[in-house]
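Peer 1: Below is one structure. I have some questions about it.
The values are calculated or read from the model by the stated rules, or taken from the named source; none is laboratory data. Because the structure is predicted, anything quoted here is derived from the model rather than measured. Every residue, glycine among them, receives a Cβ derived from its backbone with ideal geometry; neighbour counts consider all protein chains shown. The area values use the complete protein model at the heavy-atom level, side chains included, leaving out ligands, DNA and RNA. Shrake-Rupley method; radii C 1.70, N 1.55, O 1.52, S 1.80 Å.
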Amino acid sequence: MLDMINGKKGVTIVEICVYAVIFAMFMGMATGVFFWAKKSLDVTKRTDDLQDLRVASTQINTELSYGNRVLFPPVSNRSFSQILFMNDRNELVVFFRDEDAKLKLINYEKFKAGEKSGERVIARNTIEFQAERPDANLIKYFVRITDEKNVEHVIANAVKMRNTETNGP
Amino acid sequence: MNTNVIQNNRKARQGLSLLEVMLAVVIFILGIIPLLRLFSEGGLAQQKVIRDFPVTLSIAERILMTIENEIDEGRFDTAMFTGTDGNGVDITESVIENQEVSMALEKFYGTDNQSATRFLTQCRVLLSTKPSSDPNLIEITIRFLWNDRDTNSKDFKHGIELHLLKGKI
């Protein structure tokens, strides 16, 4: 105010425009950083989904590899949507995809006895679960799931049955 | 009188001009943005590897389980893969011929209408066998090498190696 009273100039419109342009340029650069941060967050979420799927795969492998006998699918080159087998404690166990798109493991003995561990959700948002038994002691499977953004993830794995002496065709 | 006193005080306590403040802000932003980008982009690359790891590990496990089964069934000649130059025999084509593995790779590298042969440039599966210290065992090694989906380099940036000790039949 005093400067203006004394006849001194303040900031001209051109100067303000130049400052605004510089500010906008740097804001644009800063937005780029937020873009990368957002992308990083998306990848984290997908990583989380894939790790869940990997855990599901490990659970399938652990349960199946020491199973005593596979009851279903039969030995063939066809794919089926569930695996029915007797585990190492000779309990009836089934892997299947239910109507809510959850990949589940049901231990029939425990389920019948009302135990909580009788029913386990292995993976959510499962689009497809396919199992194939090309040989008596080998089960190949793949699980296809989607994440929140409908991006699909697939894990393809195989299990070699370890209790081969008791595992008949 | 009063106006002169105020003017003298202002000259004595002269602060920063708008230009100086703007300059400081610009220098600060110029310094901080590359650092932020470094963290975001570096973290993203790491996350991608973590994300891709379960998919490739599952495929490698699947190959190894299948080979183990083939050995048990007497359909696999380990001698064919012994004594290679240390890298192993390239079995990528036979691996990606499998529909389920191909589908897993398709989700891995994107779904934009691509043939399985495209994966040959993006990943490589090497198989090698060698005698172990125990004369009754043979060591089977699977090396799964891969590149990020945007990389066209001939050298593979990522890789996993699985070993299996198998009793001679």
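Peer 1: Calculate the mean, over all residues of peptide B:127-135, of how many other protein chain Cβ atoms lie within 10 angstrom of the residue's Cβ.
Peer 2: Working: counts 0, 0, 0, 0, 0, 0, 0, 0, 0.
Taking the mean over all residues of the peptide, I get 0.
Peer 1: List the pair-distance distribution P(r) of segment A:45-160, using every Cα-Cα distance, as the percent of pairs falling in each 10 Å bin from 0 up to the bin containing the longest distance, rounded to whole percents.
Peer 2: Histogramming segment A:45-160 at 10 Å steps yields 14, 47, 31, 7, 0 percent.
Peer 1: Could I ask something else about it? Kindly compute the accessible surface that chains B and A hide from a 1.4 Å probe when together, both sides summed, and give it to the nearest 100 Å².
Peer 2: Working: alone 11980 and 11210 Å², together 19460 Å².
Summing both chains' loss of accessible area gives about 3700 Å².
Peer 1: Here's something else I'd like to know. Distance check, please: which entries in A:Lys39/A:Lys116; A:Lys160/B:Lys130; A:Lys45/B:Lys157; A:Lys45/B:Lys130; A:Lys102/A:Lys140; A:Lys45/A:Lys112 exceed 31 angstrom between their Cα atoms? Each step should come with its number before you reach the end.
Peer 2: Numbers: A:Lys39/A:Lys116 38 Å; A:Lys160/B:Lys130 21 Å; A:Lys45/B:Lys157 23 Å; A:Lys45/B:Lys130 41 Å; A:Lys102/A:Lys140 19 Å; A:Lys45/A:Lys112 36 Å.
In this structure, A:Lys39/A:Lys116; A:Lys45/B:Lys130; A:Lys45/A:Lys112 exceed 31 Å between Cα atoms.
Peer 1: Give me the net charge of A:Pro74's neighbourhood, meaning all other residues with Cβ under 13 Å from the Cβ of A:Pro74; Lys, Arg count +1, Asp, Glu -1.
Peer 2: +1
Peer 1: Name the aspartates and glutamates eligible as straight-distance cross-link partners of A:Lys110: C-alpha to C-alpha under 19 Å, and not fewer than 8 places from it in the same chain.
Peer 2: A:Glu63, A:Asp88, A:Glu91, A:Asp98, A:Glu119
Peer 1: Averaged over B:60-70, how many beta carbons belonging to a partner chain fall within 10 Å of each residue's beta carbon?
Peer 2: Values: counts 1, 9, 9, 2, 2, 11, 6, 2, 4, 11, 2.
Other-chain Cβ atoms within 10 Å of each residue's Cβ, averaged: 5.
Peer 1: Which residue, A:Leu53, A:Leu64, A:Leu138, has the most motion in a Gaussian network model of chain A that connects Cα atoms within less than 10 Å?
Peer 2: Largest GNM mean-square fluctuation: A:Leu138.
Peer 1: If the cut-off is 20 Å between C-alpha atoms, which aspartates and glutamates fall inside it for A:Lys149, apart from same-chain ones fewer than 8 positions away?
Peer 2: By straight Cα distance, A:Lys149 reaches A:Asp42, A:Asp48, A:Asp49, A:Asp52, A:Asp100, A:Glu128, B:Asp52, B:Glu106, B:Asp112.
Peer 1: Using label points projected 7 Å from each Cα along Cα→Cβ, tell me how many nm separate A:Glu91 and B:Val49, to one decimal.
Peer 2: 4.0 nm
Peer 1: Is any residue of segment A:9-32 close enough, with backbone N under 20 Å, to a label point placed 7 angstrom from the Cα of B:Ala24 along the Cα-Cβ axis, and if so, which?
Peer 2: Under cut-off, by backbone N: A:11, A:16, A:19-20, A:22-24, A:26-27.
Peer 1: Using R₀ = 45 Å, calculate the FRET efficiency as 1/(1 + (r/R₀)^6) where r is the Cβ-Cβ separation of B:Lys130 and A:Glu128; round to 0.05. Don't skip to the end; give the middle numbers.
Peer 2: Values: r = 38 Å, r/R0 = 0.85.
Working from the Cβ atoms, E equals 0.75.
Peer 1: What FRET efficiency comes out for the pair A:Gln59/A:Met27, r = Cβ-Cβ distance, R0 = 51 Å, nearest 0.05?
Peer 2: Values: r = 48 Å, r/R0 = 0.94.
In this case the efficiency is close to 0.60.
Peer 1: Return the aspartates and glutamates within reach of B:Lys166: Cα separation strictly under 19 angstrom, same-chain partners fewer than 8 residues apart disregarded; answer none if there are no such residues.
Peer 2: A:Asp135, A:Glu165, B:Glu61, B:Glu68, B:Glu70, B:Asp72, B:Glu73, B:Asp77, B:Asp134, B:Glu139
Peer 1: Based on the Cβ-Cβ distance from A:Ile16 to B:Leu38, what FRET efficiency comes out when R0 is 25 Å, to the nearest 0.05?
Peer 2: Details: r = 33 Å, r/R0 = 1.32.
With a Förster radius of 25 Å, E is 0.15.
Peer 1: Shifting gears a bit: Work out the mean other chain Cβ neighbour count within 10 Å for the residues of A:53-65 and drop it here as an integer. Walk me through the numbers on the way to the answer.
Peer 2: Values: counts 3, 5, 1, 0, 5, 3, 0, 0, 3, 0, 0, 0, 1.
Across the residues of A:53-65, the mean count of other-chain Cβ atoms within 10 Å is 2.
Peer 1: Mind checking the per residue accessible area of segment A:24-86 for me, 1.4 Å probe, whole number of Å²? Intermediate values should be presented prior to the final figure.
Peer 2: Working: 3400 Å² over 63 residues.
It amounts to 54 Å² per residue over segment A:24-86.
Peer 1: Okay, moving on. Return the carbon/sulfur percentage of the accessible area of chain A, one whole number, probe 1.4 Å, all protein chains in place.
Peer 2: Details: 5360 of 9370 Å².
Accessible surface attributable to carbon and sulfur in chain A totals 57 percent.
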